[in-house]
Amino acid sequence: MLAQLLDRSHMTEWRVLYRLAKADAQLRSRIKRIILTVPLPLPRFWLVTLVSLGEPVDWNVPVPDHFETSAT
């Protein structure tokens, strides 16, 4: 469900998710795990969002390619 929110939601839902993640380190960790394993259209955007919340991010870690995955 969280992956679907990151992939298909709108700005209103993303703002709610951001507010929840701001206060919940476990939620940020779950979001990060999803970003690194599930093909999303904007994975780097979500990583930057996590950085803005104080979450450490390794920029050299590969992320799944949404466009490559959806083409198969």
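The values are calculated or read from the model by the stated rules, or taken from the named source; none is laboratory data. Every value quoted in this text rests on a predicted model; they were computed, and no experiment measured them. Glycine also receives a Cβ, built like all others from the backbone with ideal geometry; neighbour counts cover every protein chain displayed.
So, Val61, is that one surrounded by fewer than 16 Cβ atoms within 10 Å (Cβ to Cβ), among the hydrophobic types (A, V, I, L, M, F, W, C) and modelled with pLDDT of 95 or more or not? Spelling it out, it is not the case that Val61 is surrounded by fewer than 16 Cβ atoms within 10 Å (Cβ to Cβ), among the hydrophobic types (A, V, I, L, M, F, W, C) and modelled with pLDDT of 95 or more. Kindly establish whether Ala21 is among the small types (Gly, Ala, Ser) and modelled with pLDDT under 95. Criteria not met by Ala21.
Residue check: is Leu20 free of Cβ contacts under 8 Å to residues at least 60 places away in the same chain and within 23 Å of Phe67 (Cα to Cα)? No.
Condition test on Glu68, is it touching a helix residue (DSSP H, G or I) at 6+ places or on another chain (Cβ under 7 Å), more than 16 Å from Leu6 (Cα to Cα) and among the charged types (D, E, K, R)?
It is false that Glu68 is touching a helix residue (DSSP H, G or I) at 6+ places or on another chain (Cβ under 7 Å), more than 16 Å from Leu6 (Cα to Cα) and among the charged types (D, E, K, R).
Contact annotation: residue pairs with Cβ atoms under 9 Å, 6 or more positions apart or on different chains, pairing a residue in the range 1-16 that is under 14 Å from Ile31 (Cα atoms) with a partner that is modelled with pLDDT of 90 or more and outside any helix (DSSP H, G or I), are Ala3/Val38; Ala3/Leu40; Leu6/Val38; Leu6/Leu40; Asp7/Val38; Asp7/Pro39; Asp7/Leu40. Considering the range 1-57 alone, what residues qualify as being surrounded by 12 or more Cβ atoms within 10 Å (Cβ to Cβ) and not in a helix (DSSP H, G or I)? Matches in the range 1-57: Ser9, Asp24, Val38, Pro39, Leu40, Pro41, Leu42, Leu53, Glu55, Val57.
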